[in-house]
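The structure under discussion appears below in the form of structure tokens.
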Amino acid sequence: MRMLKIDNKFLLKTQNTILSAAFVLFLSGAINSFLGFIKSRLLTNYFGVSTDLAIFYTADRIPNLIYSVLVVGALSTIFIPIFTSELKKSREKAFETASVIMNVTLGFFVLLALVIYIFSPQIIRLLLIGQFGETEIQLGVNLMRIMLLAQMILVAGSLLTSVLQSFKYFLLPEYLKNPYFIISKKVKMILMLFYLI
């Protein structure tokens, strides 16, 4: 129990300088890249150079592209400055603005994901360029649909992360991105947001 208190104090500490925030983001990126490398090695080791692995990577392209463009590209550069400027004026107005941005973003993503979900057989056929049979195409369609759901969860998590980063909490959101803690720790991040409100 004592370790939990020390851990919470450490994780809830704000990063008040650009250097400390940049270091946390750098370290998190390095750990994430390393874990991504390990994941790729494990997948390659388990599946080898196979059709299944090729279909997995192909099915991941579109959902990952949407997440990268929508969240990493556009939202992360727009949301935090808007939220922090509104926060200086009024806390209530800032959270109202955040709610609108989050709802519009999630609504747009759901609409886009729905279109991709419906047309995933055609998209997979286009991406696979006739290299595989119907069984492999159906596997790709199913994988793409599953990955769209996973990306939706990532979009919601990224929006919550942006709010926490606006309050100069960089360590906690980066810690929560660790794949082994995603489900149990996201609940804690939501509870922390309610605490900040």
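The values are calculated or read from the model by the stated rules, or taken from the named source; none is laboratory data. Note that the structure is a prediction, hence the values are computed from the model and not measured. Because the Cβ atoms are built from the backbone with ideal geometry, glycine has one as well, and the counts that use them run over all protein chains shown.
Can you name every residue in segment 99-127 that is among the small types (Gly, Ala, Ser) and either exposed (fewer than 12 other Cβ atoms within 10 Å of the Cβ) or modelled with pLDDT under 90 (or both)? Of everything in segment 99-127, those that are among the small types (Gly, Ala, Ser) and either exposed (fewer than 12 other Cβ atoms within 10 Å of the Cβ) or modelled with pLDDT under 90 (or both) turn out to be SER99, GLY107. When GLU86, GLU134, GLU96 are screened for being under 26 Å from LEU159 (Cα atoms), surrounded by fewer than 16 Cβ atoms within 10 Å (Cβ to Cβ), of a type in the set (Asp, Glu) and free of Cβ contacts under 8 Å to residues at least 24 places away in the same chain, only GLU96 passes. Within segment 137-186, being at pLDDT below 80, over 15 Å from the mean Cα position of the chain (by Cα) and either surrounded by fewer than 19 Cβ atoms within 10 Å (Cβ to Cβ) or under 28 Å from LEU114 (Cβ atoms) (or both) holds for PHE167, LYS168, SER184. Applying the set (1) out of contact with any helix residue (DSSP H, G or I) (no Cβ under 9 Å at 6 or more places or on another chain); (2) modelled with pLDDT of 80 or more; (3) surrounded by 11 or more Cβ atoms within 10 Å (Cβ to Cβ) to ILE55 leaves exactly one unmet item: (1). Considering (1) part of a helix (DSSP H, G or I); (2) over 20 Å from LYS168 (Cβ atoms), the lone condition that GLY130 does not fulfil carries the number (1). Just one residue in the set LEU148, LEU139 is in contact (Cβ under 8 Å) with a residue 24 or more places away in the chain, within 17 Å of ASP52 (Cβ to Cβ), of a type in the set (A, V, I, L, M) and assigned to a helix (DSSP H, G or I); that residue is LEU139. Condition first: under 18 Å from the mean Cα position of the chain (by Cα), part of a helix (DSSP H, G or I) and within 30 Å of SER50 (Cβ to Cβ). Can you find one or more residues in segment 86-103 that meet it? No: zero hits.
Condition check: among the hydrophobic types (A, V, I, L, M, F, W, C) and at pLDDT 80 or above. Does LEU19 satisfy that? The answer is no for LEU19.
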